[in-house]
1. Could you please find all residues in the range 36-57 being of a type in the set (A, V, I, L, M, F, W, C) and surrounded by fewer than 12 Cβ atoms within 10 Å (Cβ to Cβ)?
2. Of everything in the range 2-60, what is assigned to a strand (DSSP E or B) and over 24 Å from S70 (Cα atoms)? Give them in sequence order.
Amino acid sequence: MTYRLAVAGSTKHTVAMAPALLEDERFELVFSLSPSPRLVGRKQELQQNPLHTWSEKNEVPSVLIDKKIS
């Protein structure tokens, strides 16, 4: 039996566990859920969070949100 999962988060801690789920045959990583890229710093450069960057690198579909989920 294969479990279909989504990963949600935006930190390096989320990225630390995501590869284990991707490589494990018991799981199918369907998508990642993370905040949209934001303007950061004095120069206001657009920056992705670590999970979004990891998802693009590993060809995992990303769902980006603009507002906080409460």
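Quick note: the coordinates plus some simple rules give every number you see, no bench work behind them. In this text the structure is predicted, and so the values were computed from the model without any measurement. All Cβ positions, glycine included, derive from the backbone under ideal geometry; neighbour counts span all protein chains shown.
1. Quick first cut of the range 36-57, residues of a type in the set (A, V, I, L, M, F, W, C) only: 39-40, 46, 51, 54.
Answer for the range 36-57, where residues must be of a type in the set (A, V, I, L, M, F, W, C) and surrounded by fewer than 12 Cβ atoms within 10 Å (Cβ to Cβ): L39, V40, L46.
2. Initially, the range 2-60 is screened for residues assigned to a strand (DSSP E or B), giving 3-8, 27-35, 38-40, 45-47.
Across the range 2-60, the qualifying residues are Y3, F27, E28, E45, L46.
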